[in-house]
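The next block holds one structure in the form of structure tokens; read it before the comments.
The values are calculated or read from the model by the stated rules, or taken from the named source; none is laboratory data. From a predicted model like this one, the values you see are computed outputs, not experimental measurements. Because the Cβ atoms are built from the backbone with ideal geometry, glycine has one as well, and the counts that use them run over all protein chains shown. Just the protein is used for accessible areas: all its heavy atoms, side chains included, with ligands, DNA and RNA removed. Shrake-Rupley method; radii C 1.70, N 1.55, O 1.52, S 1.80 Å.
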Amino acid sequence: MRQLEVSGGRVLEYVVEGPAGGRPLVFHHGTPGVALTLEPVAEAAARHGLRFVTHSRPGYSDSTSQPGRRVADVADDVSALLDALGADDFITIGWSGGGPHALACATLLPDRCRAAAIIAGVAPYDAEGLDWLGGMGEENVAEFGAAATGKDALDTFLAEASVELKDVQPGDIIAAFGDLLSAVDQAALRGGLADYLAASCRAAVSRGYDGWRDDDLAFLADWGLDLASIRIPVSIWQGDQDRMVPLAHGRWLGDHVAGATTQLVPGEGHLSLISNIDSIVAALAAA
């Protein structure tokens with residue numbers, strides 16, 4: 001784990017793995033989450049000569065909080081991180097809650113971001129024609145219902161939820177995520193993803209829940225992005241067995257992100273979708 005001072009004197013923690021001098025593949029973690037190596041992604045990146053780069057968004061772990069941050073604000077942090085790495089350009093992946101942040105890079109850093117992939121990424125809360133909560137598991141309905149009510153209600157919800165995650169172990173993760181997991185996602189956790197998800201969740205709430213709260217509030221607010229203005233290649237990957245970010249979100253993004261290609265994958269869920277990572281990274285590396 002490394003640290004970088006960014007705008008406002010904030011500290012941003014980040015991880016870099018892979019060949020020195022390789023083009024960065026900037027991976028935006030989910031919500032809640034931290035800068036932690038996701039082996040399938042890092043390994044796929046290395047096979048294509050890419051450096052795996054990921055950072056903890058403000059408020060998570062040792063990254064300084066940035067109250068009131070918008071989705072768009074991630075672009076400045078990524079630019080600073082690229083400068084520190086001596087990298088001119090990059091490609092990016094956003095998984096789940098990282099999806100909007102990858103879209104921010106695609107929108108606001110067109111001269112540096114060569115291509116983006118969104119894996120089970122959430123759509124804007126005010127997306128026209130989208131039932132945003134439709135098809136989500138009951139835990140997400142409760143969480144975002146609290147967020148929509150306001151910061152105080154969300155604080156109350158996350159104070160309890162973070163206690164449940166602060167010591168979560170791989171063997172506990174299926175029960176902890178409850179109604180959010182389809183059968184195929186439960187299988188993905190038993191197949192090896194539980195270690196990563198448990199470690200990421202523990203670290204995400206190790207200093208409190210500021211990052212988690214600020215992510216949720218940013219998702220429901222104006223992202224500060226014009227998705228119709230994107231002019232780099234963007235691929236949208238979405239499964240039809242996803243109870244965290246349902247299929248309709250991927251369809252909406254595919255219809256509204258300029259020039260996007262959409263991969264709606266039958267039988268895949270929110271977590272199992274990562275099994276397609278080789279195809280996803282190969283397409284990005286060719287950009």
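Provide a single number: the residues in the range 158-192 that are assigned to a helix (DSSP H, G or I) and open to solvent by 60 Å² or more (accessible area, probe 1.4 Å). So that I can check it myself, show each step before the final result.
Our first condition is that a residue be assigned to a helix (DSSP H, G or I); within the range 158-192, this holds for 158-165, 170-180, 183-192.
Okay, now just the ones that are also open to solvent by 60 Å² or more (accessible area, probe 1.4 Å), so 160, 163-164, 171-172, 175, 183, 190-191.
Of the residues in that region, 9 qualify.
Among the conditions (1) open to solvent by 10 Å² or more (accessible area, probe 1.4 Å); (2) of a type outside the set (A, V, I, L, M, F, W, C); (3) within 16 Å of Leu181 (Cβ to Cβ), Gly269 misses just one, which is (1).
When the criteria are applied in full, Asp240 fails the requirement of being among the acidic types (Asp, Glu), open to solvent by 10 Å² or more (accessible area, probe 1.4 Å), out of contact with any strand residue (DSSP E or B) (no Cβ under 6 Å at 6 or more places or on another chain) and more than 21 Å from Glu138 (Cα to Cα). Return yes when Asp210 is in contact (Cβ under 8 Å) with a residue 24 or more places away in the chain and closer than 30 Å to Ser162 by Cα and no when it is not. Against the criterion (in contact (Cβ under 8 Å) with a residue 24 or more places away in the chain and closer than 30 Å to Ser162 by Cα), Asp210 qualifies.
So which of His28, His55 is surrounded by 24 or more Cβ atoms within 10 Å (Cβ to Cβ), touching a Gly at 6+ places or on another chain (Cβ under 6 Å) and not basic (Lys, Arg)? Spell out the reasoning first.
Numbers: His55 fails: touching a Gly at 6+ places or on another chain (Cβ under 6 Å).
Residue meeting the stated conditions: His28.
With respect to (1) out of contact with any helix residue (DSSP H, G or I) (no Cβ under 6 Å at 6 or more places or on another chain); (2) surrounded by fewer than 19 Cβ atoms within 10 Å (Cβ to Cβ); (3) modelled with pLDDT of 95 or more; (4) of a type outside the set (Phe, Trp, Tyr), the lone exception for Gly259 is condition (3). Ala20 meets the conditions (1) at pLDDT 95 or above; (2) open to solvent by 30 Å² or more (accessible area, probe 1.4 Å); (3) of a type in the set (A, V, I, L, M, F, W, C) in every case but one. The failed one is (1). For the range 92-115, a residue qualifies if it is in contact with a Gly (Cβ under 7 Å, 6 or more places away or on another chain), open to solvent by less than 10 Å² (accessible area, probe 1.4 Å) and within 20 Å of Ser275 (Cβ to Cβ), and the qualifying residues are Gly94, Gly97, Gly98, Gly99, Ala102.
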